[in-house]
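Every read-out reported here was derived from the displayed coordinates using simple, explicitly stated rules and does not represent laboratory data. As the structure is a computational prediction, the values presented were derived from the model and not from experiment. Using ideal geometry, Cβ is built from the backbone for each residue, glycine included, and neighbour counts are taken over all protein chains shown.
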There are 2 protein chains.
Amino acid sequence: MSALQILHRDPGSLARAGVLRTAHGDVRTPAFVPLATKATVKGLEPREVAALGYDIVLGNTFHLFLEPGADLIERFGGLHDFMGWQQPIVTDSGGFQVFSMGYGTVADEVKGRAPSGPNRMGRVLSIEEDGVRFRSYIDGSEQFIGPETSMQVQAKLGSDLALVFDECTPFNIDRDYTARSTERTHRWLDRCLAWHDAQGPAGQLVYGIVQGGVHEDLRVESAQAVAARPVDGIAIGGSLGADKAQMYEVVGWAISGIDEARPRHLLGIGDIDDLIRGVELGVDTFDCAMPTRLGRHGVAIVPDPANRWRVDLTAARHRESHEPIMDGCPCPACGGGHSRGYLRYLVKNRELTGARLLTLHNLAYVARLMAGLRAAIAGGTLAAYAAAQRAGAAP
Amino acid sequence: MSALQILHRDPGSLARAGVLRTAHGDVRTPAFVPLATKATVKGLEPREVAALGYDIVLGNTFHLFLEPGADLIERFGGLHDFMGWQQPIVTDSGGFQVFSMGYGTVADEVKGRAPSGPNRMGRVLSIEEDGVRFRSYIDGSEQFIGPETSMQVQAKLGSDLALVFDECTPFNIDRDYTARSTERTHRWLDRCLAWHDAQGPAGQLVYGIVQGGVHEDLRVESAQAVAARPVDGIAIGGSLGADKAQMYEVVGWAISGIDEARPRHLLGIGDIDDLIRGVELGVDTFDCAMPTRLGRHGVAIVPDPANRWRVDLTAARHRESHEPIMDGCPCPACGGGHSRGYLRYLVKNRELTGARLLTLHNLAYVARLMAGLRAAIAGGTLAAYAAAQRAGAAP
């Protein structure tokens, strides 16, 4: 039986709304998953994340593996108890982070960020069939992650939803390498499933990962190959292309190879327009650093499509602004009466309160958008809701 | 009429409890005043500070004068509106910060901190009868603060309670210099009062500052000289000695020169034992960076007199600890079920959530202590309450 109960379907797109059942409760879908990379949504308490309307967060296997280590978290009763969040948790596999080191720029490319240096997360020593050997960015120690390690770490973390260990190829890799890499990702998928079958925690869902770069045949084949395995859900990973048009095309190819019943997760995507389009393409869950990371750096999400739904509060023009980030927004920053001028001052002066208020605002915005999308699908008004959002309506 | 209404007196000490009336409401005394140095209690929203039980915060004239500037804050309607805190605000005069630059180590000495370099807040160019000329730590620009500047800035900030501009002498300055400096502080007091009389905002209370170093005669003379002026209250500043015994002696001398009716503020003191003793000595309000700064650096306040009421959660021994900071504490860290092990992990990894949870815990502890002291004075049980606190009772 699928972990996803589909309750509503949009007649005009592939969008669906429902409930994803996990060991720690239900996730209303489509859903955005805030990052709790290092066992915390940066700056927020778990109760605040729940109060914003989120049902699930994402913990980072790679970072938690290195510090404080999966064994320690296991001795605390798992990641839920360690971080004090008793709702669902998804853990990524660590593949993305490990291969970001190897290729140097894959993270930047996939995420559309400025390059931040090849050694930000450590240094790869070898990539072999067995897995990846690398140096820790924390203490320089030699470390290894392979399919079984990743599943074992995720078992110790006790997440509700584990992602299999995949090779995440960057955009600038050629078709042949991508094809061979995708094959390896499928072999690693089998090893992950074998380990999980034998030793995985009861009740932990496992998602396979579709790779295949920007090649239609590879993406469709990969999706079909993953969907042919007994995975509880399917995540779409890797490079999704050079621009949004290509990204939507790639996501469409991947989903075309997945059966209807299987829950689908889109990895690392969270721009407002991408969330809307992703839902229309049939994505059930999304995770992304964007709302929280932008917030910490002084960028707020606003209903302004012409500016990518963003306003940079560090800009000098906000210095004297008495306006809130967004009229009518109930978040602690806007509802609390804080002006753009004050928030700009806080952010420019690196005050924790500024990072926090903007994080709260951004997550509140995305939470309302996802709730709006769910309600629109249920009410048969998705086309109108999406059009209004794209025209700059408040979520 | 005194701004302080004394409602209860402790028969066994000089302690009193009451209400300090200000333009933005009442402050229950004795009270601790959390620092909102740069228009924010670091990491917290105003509503959270109020929810912890605090009636008043302290804004820093020196820092706000440099950035974002008093004119900008005035255009936002004053500091209350700028930072979204509609309860009482006290602003310091900037004297402490300015003279900390000049003497290099006065801040460290007075606060008992490790030296942090002479130029942390800028560089003094000249100290003259008119005031102090210095270079801004923000942009290197030449700046000037004197008695009138300080009062003017505090008028623009619109605080409920302004402190006069004083010369803050360090511990290692000789008696003669201290005597001459104290005289200058009194001349500056007159200039501050003259400016405030002519141009100060209606309803803004003005506190004079007692100096005189660690010399009994100078302290008593200074207290009498300040109390002879039409000040609304009196703050005790400057070096309070080499150890706690001397500090209590110096505070006692100062208070002996102040009339009963006048509210008394003790500047920059906030250790748990000092708060208890200060209340017994007749202090009405205290401000200190300690609870918030320690929290941001991973040190929590606990009922452990043998360890100065502190536990350093960054210590390795807390790595596996499942215990809360403090049993029965209702703060978000303890009441939220967070273990010392998790908090240690957050703090070691410089996660905002760690700084925030420890700030909340420490401020919650001090708020309960002050509420306990007020209730004990009102109930005639201060001696027993203070003895229990000194023996390690929960506040």
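Fully extended, how many nm does the chain gain between residue A:256 and residue A:394 (0.36 nm per residue separation, minus their Cα-Cα distance)? If you can, show how the numbers build up before the last one.
On the way: separation 138, 0.36 × 138 = 49.68 nm, distance 3.13 nm.
So the chain would gain 46.5 nm between residue A:256 and residue A:394.
Extension gain residue B:315-residue B:202, at 0.36 nm per residue separation less the Cα-Cα distance, in nm? It would help to have the intermediate numbers written out before the result.
Working: separation 113, 0.36 × 113 = 40.68 nm, distance 5.06 nm.
Length gained, residue B:315 through residue B:202: 35.6 nm.
Would you mind ranking A:226, B:124 by Cβ crowding within 10 Å, fewest neighbours first? It would help to have the intermediate numbers written out before the result.
Working: A:226 29, B:124 19.
Arranged by neighbour count, lowest to highest, A:226, B:124 become B:124, A:226.
What distance in nm separates the simple spin-label points at residue A:13 and residue B:381, each placed 7 Å from Cα in the Cβ direction?
Label at residue A:13, label at residue B:381, 6.3 nm between them.
Kindly express, to the nearest 10 degrees and within the range 0 to 90, the angle between helix A:352-379's C-alpha long axis and the longest C-alpha principal axis of chain A.
Taking Cα atoms only, the helix is inclined about 80 degrees.
Add +1 for every Lys or Arg and -1 for every Asp or Glu among the other residues with Cβ under 9 Å from the Cβ of residue A:142, and state the total. Don't skip to the end; give the middle numbers.
Working: positive: A:133, A:135; negative: none.
Its environment carries a net charge of +2.
For chains B and A related by rotation, which residue of B has the Cβ nearest the axis, and what is the rounded distance in Å?
B:352, 3
Checking the table A:42/B:42; B:42/B:244; A:348/B:38; A:38/A:348; A:42/A:244; B:38/B:244 against a 21 Å threshold on Cα-Cα, which pairs fail?
Values: A:42/B:42 15 Å; B:42/B:244 28 Å; A:348/B:38 12 Å; A:38/A:348 25 Å; A:42/A:244 28 Å; B:38/B:244 29 Å.
Beyond 21 Å between Cα atoms: B:42/B:244; A:38/A:348; A:42/A:244; B:38/B:244.
Please state the relative contact order of the stretch B:4-287 as a whole percent: Cα pairs under 8 Å, 6+ residues apart? Before the final figure, lay out the partial values.
Values: 602 pairs, mean separation 50.4, N = 284.
Relative contact order, the stretch B:4-287: 18 percent.
Classify the stretch A:4-287: rounded, prolate or oblate, from the alpha-carbon gyration tensor (a ≥ b ≥ c, eigenvalue square roots; a/c under 1.5 rounded; otherwise prolate if a/b is larger than b/c)?
On the way: a/c = 1.38, a/b = 1.05, b/c = 1.32.
Note, shape of the stretch A:4-287 comes out rounded.
Label position 7 Å from Cα toward Cβ: report the copy-to-copy distances for residue B:72 in nm, one decimal, ordered from shortest.
Copy-to-copy label distances at residue B:72, shortest first: 4.0 nm.
Kindly give the distances from residue A:177 to its copy-mates, label point to label point, with each label point 7 Å from Cα along Cα→Cβ, as nm values to one decimal ordered shortest first.
6.7
Running Debye on the stretch A:134-262 with equal point scatterers at the Cα sites and no solvent, what base-10 log of I(q)/I(0) appears at q = 0.15, 0.19, 0.21, 0.23 Å⁻¹?
With one equal scatterer per Cα and no solvent, log10 I(q)/I(0) is -0.72, -1.04, -1.17, -1.27.
Just to be sure I understand the model, the point goes 7 Å from the Cα along the line to the Cβ. What's the resulting residue B:50 to residue A:130 distance in nm?
For the pair residue B:50/residue A:130, the computed spacing is 6.2 nm.
Once you list every other residue whose beta carbon is under 12 Å from the beta carbon of residue A:222, what net charge do they have if Lys and Arg are +1 and Asp and Glu are -1?
Numbers: positive: A:184, A:219, A:229; negative: A:166, A:167, A:183, A:216, A:217, A:221.
Residues near residue A:222 contribute -3 overall.
At a threshold of 8 angstrom on Cα-Cα distance, excluding pairs fewer than six apart, so keeping six or more, what relative contact order does the stretch B:30-107 reach in percent?
32
Run lengths n ≥ 4 of DSSP H only: what is the helix-derived mean residue ellipticity at 222 nm for chain A, with -39500 (n - 2.57) per run over all residues, to the nearest 500? Present the calculation step by step, with values, prior to reporting the outcome.
Working: 16 runs with 165 residues, N = 395.
The helix-only estimate for chain A comes to -12500 deg cm²/dmol at 222 nm.
Please arrange A:160, A:232, A:259, A:166 by counting, for each residue, the other beta carbons lying within 10 Å of its beta carbon, fewest first. Write down the numbers at each step before the final one.
Numbers: A:160 24, A:232 18, A:259 11, A:166 33.
So the residues, fewest neighbours to most, are A:259, A:232, A:160, A:166.
With a cut-off of at most 12 other beta carbons within 10 Å, and DSSP calling the residue loop, which GluC sites (Glu not before Pro) in the stretch B:178-246 qualify? Please list them. Walk me through the numbers on the way to the answer.
Details: sites: B:183, B:216, B:221; in loops: none.
Here no loop site has a sparse enough neighbourhood.
Run the label-point distances for residue B:139 please: 7 Å along Cα to Cβ, every other copy, nanometres, shortest first.
Ordered by distance, the counterparts are at 4.6 nm.
Using modelled amide H (1.01 Å from N, peptide plane; none on Pro or chain starts), what sits under 5 Å from the amide H of residue A:36, excluding residues fewer than 5 places away?
A:58, A:59
State the dimensionless ratio Rg/Rh of the stretch B:296-384 (Rg: radius of gyration of Cα atoms; Rh: Kirkwood radius). Provide the component values of the computation, followed by the final result.
On the way: Rg = 14.1 Å, Rh = 13.6 Å.
The Rg/Rh ratio comes out at 1.04.
May I have the convex hull volume per residue, in Å³, for the Cα set of the protein assembly as shown?
Hull volume over Cα atoms, normalised by residue count, gives 159 Å³.
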